[in-house]
1. Going by the conditions given, is Q106 assigned to a loop (DSSP other than H, G, I, E, B), open to solvent by 50 Å² or more (accessible area, probe 1.4 Å) and modelled with pLDDT of 95 or more?
2. If L287 satisfies every condition in (1) of a type outside the set (S, T, Y); (2) open to solvent by 30 Å² or more (accessible area, probe 1.4 Å); (3) within 20 Å of K93 (Cβ to Cβ) but one, which is the exception?
3. Determine if the range 220-234 includes at least one residue that is in a strand (DSSP E or B), in contact (Cβ under 8 Å) with a residue 60 or more places away in the chain and open to solvent by 10 Å² or more (accessible area, probe 1.4 Å).
4. I'm trying to understand the selection: among the residues of the range 198-219, which are β-branched (V, I, T), under 22 Å from N281 (Cα atoms) and part of a loop (DSSP other than H, G, I, E, B)?
5. Tell me the residue from D292, D268 that is at pLDDT 95 or above, more than 25 Å from T60 (Cα to Cα) and of a type in the set (D, E), please.
6. For residues that are open to solvent by 50 Å² or more (accessible area, probe 1.4 Å) and in a loop (DSSP other than H, G, I, E, B), tally how many sit in the range 143-197.
7. If you go through the range 55-77 one residue at a time, do you hit one that is among the small types (G, A, S), surrounded by fewer than 21 Cβ atoms within 10 Å (Cβ to Cβ) and modelled with pLDDT of 95 or more?
Amino acid sequence: MALICRLAILFLFCSIRPTVASSRKLTALVEQQPLVLKYHNGALLKGNIVVNLIWYGQFTPIQRSVIVDFIQSLNSPRAPLPSASLWWKTTEKYKGGASTLVVGKQILHPQYSLGKSLKTAHLVALANKGNQLNAINVVLTSKDVAVDGFCMSRCGTHGSTRSRDGKTRSAYIWVGNSETQCPGQCSWPFHQPIYGPQTPPLVAPNGDVGVDGIIINLATLLAGTVTNPFNNGYFQGPATAPLEAVSACTGIFGSGAYPGYPGEVLTDKSSGASYNANGVNGRKYLLPAMWDPQTSACKTLV
């Protein structure tokens with residue numbers, strides 16, 4: 001199981017400003033040692049993939065439409081550049097070709113059928129309601145739902161479950177809305193971080209810090225799921241806590257990024273919101289850098 005721990009990874013970077021001489025040495029060192037995600041010869045999710053959405057708790061129709069539009073944007077050529085689909089095309093450079101995502105079933109649980117404090121077993125049970133092969137079942141929990149490890153060690157996770165006969169595996173994702181619980185950890189850079197450099201937060205492109213934070217984490221986990229669905233695809237480090245396609249590039253959204261600074265991104269002239277990707281229906285999103293297998297580097301849209 002892979003998880004996102006955005007703040008912890010960010011905090012591991014040294015924030016001490018080096019001298020000019022040491023900067024040159026550091027640059028040379030980075031150039032000599034490119035980031036490499038090893039392929040472990042396992043199955044990847046390629047071809048047409050259905051994304052089922054399980055909404056647990058209270059989500060407004062607008063919040064749901066922002067997230068559905070994001071998934072649809074990943075394979076839509078209609079949006080102007082830089083686009084979410086251009087960002088997603090980097091996954092084609094991993095073995096096996098394209099991963100085409102299609103929104104499937106949407107299951108609503110507005111009555112908190114399992115309560116407001118969930119464990120991983122609850123997430124798996126909810127994900128299994130998708131019940132479909134060649135699919136990713138995405139569980140999204142609302143801002144008033146507590147999940148084991150949420151905020152303390154993770155903002156979301158992806159994993160897989162086996163069928164009762166053990167012959168097939170299904171991929172799932174969970175992401176929580178951090179708006180009221182930990183926006184500094186899981187919705188950065190739309191909220192000031194709890195630790196590290198206190199740069200001003202960016203304005204969320206869809207006007208919702210929690211949902212725009214979900215987009216960042218969902219993007220991270222979708223990329224990780226198609227390129228490492230069963231812990232034997234592309235990753236660096238231990239399989240129990242891997243650095244994957246996007247989590248290996250944590251905190252990078254534009255050129256010139258460094259710990260605590262997301263990099264140069266675009267600004268919407270009318271709203272002042274920050275973004276780097278256009279989507280369907282006029283949507284704008286801020287998407288994290290993704291590791292490019294051809295260059296062995298973290299690739300940004302802007």
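The values are calculated or read from the model by the stated rules, or taken from the named source; none is laboratory data. As the structure is a computational prediction, the values presented were derived from the model and not from experiment. Cβ coordinates were reconstructed from backbone atoms using ideal geometry, including for glycine residues, and neighbour counts include every protein chain displayed. We work out accessible area using only protein heavy atoms, side chains counted, and drop any ligands, DNA or RNA first. Shrake-Rupley method; radii C 1.70, N 1.55, O 1.52, S 1.80 Å.
1. On the way: assigned to a loop (DSSP other than H, G, I, E, B): no; open to solvent by 50 Å² or more (accessible area, probe 1.4 Å): yes; modelled with pLDDT of 95 or more: yes.
Answer is no for this residue.
2. All conditions are met except number (2).
3. yes
4. V203
5. Testing whether each residue is at pLDDT 95 or above, more than 25 Å from T60 (Cα to Cα) and of a type in the set (D, E) leaves just D292.
6. Within the range 143-197, residues that are open to solvent by 50 Å² or more (accessible area, probe 1.4 Å) and in a loop (DSSP other than H, G, I, E, B) number 17.
7. yes
Residues checked against (1) modelled with pLDDT under 95; (2) under 18 Å from the mean Cα position of the chain (by Cα); (3) closer than 18 Å to Y94 by Cβ:
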position	(1), (2), (3)
K167	yes, no, no
F190	no, yes, no
P201	no, no, no
A223	no, yes, yes
